[in-house]
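Just below is one structure, and these are the notes that go with it.
The values are calculated or read from the model by the stated rules, or taken from the named source; none is laboratory data. Fair warning: this is a prediction, and the values are worked out from it, not measured in the lab. Please note: Cβ atoms are built from the backbone with ideal geometry, for glycine as well, and neighbour counts cover all protein chains shown. In case anyone asks, the SASA skips ligands and DNA or RNA and just uses the protein heavy atoms, side chains included. Shrake-Rupley method; radii C 1.70, N 1.55, O 1.52, S 1.80 Å.
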Amino acid sequence: MALAITNENYESTIASGMPVVIDFWAEWCGPCRMIGPIIEELAGEYADRVVIGKCDVESNDDIVAQYRVRNIPTVVFIKDGQVVDKVVGATTKENLKAKIDAML
């Protein structure tokens, strides 16, 4: 299951040493609900190699501001604490997997 990334656990998540994928979403967002199940599947598939989490934009302003998220869904790919890729809008599982695999 995807980790719920919040203002409280964000720093420790990034400091884990593993690549991190953050899905910025909101409950009311239709495209977010479309990719939600894909994010959950990927969290299971990459459980031992990548931290995959979801960040609710409604309750985590600090993280949203840090990554300058203006549209959702936005999926951010982080390696060694740096953003290496980003996808804005709904996308396919294959596209997300390719970006995750590129970080490994």
For residue 49, are the conditions met, namely being open to solvent by 70 Å² or more (accessible area, probe 1.4 Å), at pLDDT 95 or above and touching a strand residue (DSSP E or B) at 6+ places or on another chain (Cβ under 9 Å)?
no
Just name the residue that is modelled with the lowest pLDDT out of those in the range 1-18 that are aliphatic (A, V, I, L, M) and open to solvent by 40 Å² or more (accessible area, probe 1.4 Å).
1
